[in-house]
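A short worksheet on the structure shown next.
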Amino acid sequence: MITREEIRAWQMTNQHLMEKADPMDVVQDLCGLQAQIASYALHGLHIRAEVPDGGWVGRHLMRNWTIRGTMHLFAKEDAPLFLSALSGQNLLSRDWSKPSFWNQRSYWRLTPKRQGYLADIILHALENGPLPREKLKDICRKAGMTEAEEGSMFDSWGGGIREMCERGFIHYTAESEKSLELTPSFDSIERKMAQRMLAERYFHHYGPATLHDLMYFFHLPAKMVKEWICELPLQTVVCEEKTYFYINKMADTKNIPEFIYLTGFDPLLLGYEKNESLYLDAAHIRSVFTLSGMVAPTLLIDGKVAGKWKKEQKSMTVTPFVSLSTLQKTRAEEAARRMYPDLCRVNFTEK
């Protein structure tokens, strides 16, 4: 038997929250970092790694849709793995006539021929390097894209641009919210194999984790994840009558840091079924996982979510979920200033 506290320490060690690791190890071990908001993913990386200056992030990392159909920050060298797991046979296909989520929408205004034409315009424009999304719009307009076609190709939720990304032609740059660049050519991996490889990474670095945790993380049905559990070299441990699976041996855990400012969409919260979380009390779920689909940046105190935070320019606002002593507030502020040396003020407000 093992305690909840021991599992938390084990998981946090595997997720590189006890001590900093190589940045490439972090993005690969954690199956990428969710990155609808690029700054969130970069914060999640920086609290886990010493990231080199000089454009390391831009050279080595990319943003694209992958796990759970959401935008992630991951290593460029892992593009075959993540894109194969997502798109399978559609990778690098220029056949735009196949039914898809997008071209079945009632408002879709692109014929397969026109979608292919605009895709080629975009690929040609990116041959000389990354370009902002708005610049690509202008280029397509000059090439004859109509207003109705623009609404499909550059749909705010993805549209034709997203299809190009998911098929492995282009991706968003790691350091800019809105710039795109060509994805280097790669050899695809059989889809089931790619998914299994990601599941193996998951159990290495999110484990110990339950079957529900795995289903939640990948947004996949029980039948598929049960197949992985049979195929992978997993070991089990029991805590409070729940079975947890893992691959690597129990970490040599150290004391959990008193204060950690987790990023929005942090892997420590997204990696496990939120209603069964060892870190977030049920009473605070809706304060962190909002109905609009956001996952707020949170303050972890002694391994439990104790509040959320928001930084605007040189000011940070912390909203505690529990009562904090004057000493805890002082130490939390000191931790915030170590993370952001340019902070002018840290405010503590009521929920």
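Descriptive notes on the structure:
- Distance between modelled label sites at residue 24 and residue 104, nm, 7 Å Cα→Cβ extension: 4.0 nm
- Descending principal axes extents, region 283-344, alpha-carbon based, whole Å: 32, 26, 16
- Helical content of the chain, expressed as a calculated mean residue ellipticity at 222 nm, amounts to -11000 deg cm²/dmol (DSSP H runs of 4 or more residues, -39,500 (n - 2.57) each, divided by residue number, nearest 500).
- Phi-based couplings in Hz for region 331-345 (Karplus 6.51, -1.76, 1.60; Gly and Pro marked x): 5, 5, 5, 4, 5, 5, 6, 5, 6, 10, x, 8, 4, 8, 8
- When only Cα pairs below 8 angstrom with a gap of at least 6 residues are kept, region 39-171 shows a relative contact order of 26 percent.
- Based on protein heavy atoms only, the chain ends up with 47 Å² per residue of surface accessible to a 1.4 Å probe.
- Where the Cα pairs of region 36-178 fall when distances are cut into 5 Å bins, in %: 2, 9, 19, 21, 20, 14, 8, 4, 2, 0
- Once the gyration tensor of the Cα atoms in region 85-140 is diagonalised, the equivalent ellipsoid follows with semi-axes of 22, 16, 11 Å, ordered largest first.
- Taking the longest Cα principal axis of the chain as reference, the axis of helix 4-14 is set at about 50 degrees.
- Descending Cα extents along the principal axes, region 180-274, whole Å: 44, 34, 25
- Length-normalised contact order for the chain - Cα pairs under 8 Å, 6+ apart - percent: 18 percent
- Share of carbon and sulfur in the accessible heavy-atom surface of the chain [1.4 Å probe, %]: 50 percent
- The spread of Cα positions in region 117-228, taken along each principal axis and listed from longest to shortest, comes to 53, 28, 26 Å.
- Rounded to 5, percent antiparallel among DSSP beta bridges of the chain: 90 percent
- Angle between the chain longest axis and helix 133-142 axis [Cα atoms, degrees, rounded to 10]: 10 degrees
- For the chain, diffusion coefficient by Stokes-Einstein and Kirkwood Rh (Cα), 10 °C, 1.306 mPa s, µm²/s: 73 µm²/s
- Relative contact order, whole percent, for region 1-67 stands at 31, derived from Cα pairs under 8 Å and 6 or more residues apart.
- Rounded FRET efficiency, nearest 0.05, which uses the C-beta distance separating residue 147 from residue 59 and R0 of 41 Å: 0.65
- With Cα atoms, 0 to 90° folded angle of helix 222-231 axis to the chain main axis: 70 degrees
- Taking each residue as 0.36 nm, the span from residue 97 to residue 77 lengthens on full extension beyond its C-alpha to C-alpha distance by 4.2 nm.
The values are calculated or read from the model by the stated rules, or taken from the named source; none is laboratory data. The structure presented is a predicted model; accordingly, all values stated were derived computationally and were not measured. When we count neighbours, we look across all protein chains shown, and the Cβ atoms used for this are built from the backbone with ideal geometry, even at glycine. Please note that ligands, DNA and RNA were not included when accessible areas were found on the heavy atoms of the full protein model with its side chains. Shrake-Rupley method; radii C 1.70, N 1.55, O 1.52, S 1.80 Å.
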